[in-house]
Amino acid sequence: MALPWRVARLVARRDESATARTLVLHVDDWPGHLPGQHVDLRLTAEDGYSAQRSYSIASAADGDSLELTVQLLPTGEVSPFLVNDYAIGDPIELRGPIGGWFVWAPTDPRPVLLVGGGSGVVPLMAMLRTHRDIASRAPLRLVYSVRSPGDVVYVDELKPTEEVDVTLLYTRAAPPEWPRPAGRVTPVDLGPSDPRVRVYVCGPTGFVEAASRQLVALGYDERQIRTERFGPSGSQG
Amino acid sequence: MTEATYTDGNAMAGPLAELFSVDVSAAATTCAGCGRRSHVAQLHVYASGPGAVARCPGCQDPVLRYVRTPAAAILDLRGTVSLVIPLAASGT
């Protein structure tokens, strides 16, 4: 088997919002990962029934440790267990790191635009954290589209710095006196375009399609846009 | 549900990593239907049935089909002319 299932153990967890929780996992001999990669988790019941889900890695490479942020989907099969019942010290089957397409090379000096919808921000956070950890000089901009202020995850780390620009877009409800009215992503949010920029877009399929169309129409180079689509929220999880 | 929704070929990377020692999502495919070149990660993946069908983002023809049974993996590649898999150059 080319990529084996490993055993991970939960070492810590933290709430990111009312419905999202970060799981800190320890995996012996973890080979490390690139920002943007994901893992598959597998749960198996006593009767042999098993369910498998993919989760993006949220953390920068850090020895045998990795972090996943799981959004609770109340009707899901896996996320209620991971968010509510998965206890410190418990084992879980994990396969990874997975994916060589939707990854940011930390040595890439080109400007980067990260566009995330909802929990699509998770792999982009791994890129942002890696960028910060290695003190990359590549200009980085994060555009993060989220339903309402209570849904924002990683809120303490979304502060702009000299190299990092952060734009929050609220689609349903914005905080009082927020300069942009609540609404879906528009070309104004993604511009001005620059064909040299490497772009990563991650989110639900509808969000990724809309944002990608707008980026191409604005003049971003289609060949520099990398996308990752999540299933419709609620159908899996 | 009015229309089946899709994700993309990034979701195939894990299942195919069971078979291949290289990452297949970064491989380039040429659609046998329309000739469009895509990376596997860019294919539209429909996984609501017993397996996954990865379709060309241009013409929607099936490029790659994958079913995992308890005892076997069935990979149908008739929709792709070729798979070009990036490898580290030897001797570097």
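The values are calculated or read from the model by the stated rules, or taken from the named source; none is laboratory data. As the structure is a computational prediction, the values presented were derived from the model and not from experiment. Neighbour counts are summed over all protein chains in view; Cβ atoms, including those assigned to glycine, are modelled from backbone coordinates with ideal geometry.
Per-structure values
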quantity: Residue in the range B:60-82 that is in contact (Cβ under 8 Å) with a residue 60 or more places away in the chain and touching a Gly at 6+ places or on another chain (Cβ under 9 Å) present; calculated: no
quantity: Some residue of the range B:16-36 being modelled with pLDDT under 95, touching a Lys or Arg at 6+ places or on another chain (Cβ under 9 Å) and farther than 16 Å from residue A:227 by Cα; calculated: yes
quantity: Of residues in the range A:70-84 being under 14 Å from residue A:51 (Cβ atoms) and part of a helix (DSSP H, G or I), the one farthest from the other protein chains (Cβ to nearest Cβ); calculated: A:80
quantity: Residue list for the range A:191-207, restricted to those being assigned to a loop (DSSP other than H, G, I, E, B) and in contact with a strand residue (DSSP E or B) (Cβ under 6 Å, 6 or more places away or on another chain); calculated: A:197
quantity: Residue B:55 vs. criteria away from chain A (no Cβ under 11 Å) and in contact with an Asp or Glu (Cβ under 8 Å, 6 or more places away or on another chain); calculated: yes
quantity: In the range A:1-37, the residues that are more than 21 Å from residue A:158 (Cβ to Cβ), surrounded by 17 or more Cβ atoms within 10 Å (Cβ to Cβ) and of a type in the set (A, V, I, L, M); calculated: A:3, A:8, A:10, A:25, A:27, A:34
quantity: Some residue of the range A:215-231 being within 14 Å of another protein chain (Cβ to nearest Cβ) and of a type in the set (Gly, Ala, Ser); calculated: yes
quantity: For residue A:59: the one exception among (1) assigned to a loop (DSSP other than H, G, I, E, B); (2) at pLDDT below 95; (3) of a type outside the set (Val, Ile, Thr); calculated: (2)
quantity: Candidate set from the range A:90-119 (those that are in contact with a helix residue (DSSP H, G or I) (Cβ under 7 Å, 6 or more places away or on another chain) and not aliphatic (A, V, I, L, M)); member that is farthest from residue B:10 (Cα to Cα); calculated: A:106
quantity: Test: residue A:196 is within 21 Å of residue A:102 (Cα to Cα) and either within 14 Å of another protein chain (Cβ to nearest Cβ) or surrounded by fewer than 18 Cβ atoms within 10 Å (Cβ to Cβ) (or both); calculated: yes
quantity: Subset of the range B:16-46 [at the interface with chain A (Cβ under 8 Å from one of its Cβ atoms) and under 19 Å from residue A:205 (Cβ atoms)]; calculated: B:25, B:39, B:40, B:41, B:42
quantity: Pairs where the first residue, in the range A:90-116, is among the basic types (Lys, Arg) and the second is in a loop (DSSP other than H, G, I, E, B), C-beta under 9 Å, 6+ apart; calculated: A:95/A:3; A:95/A:4; A:95/A:5; A:95/B:18; A:110/A:138; A:110/A:139; A:110/A:196; A:110/A:197
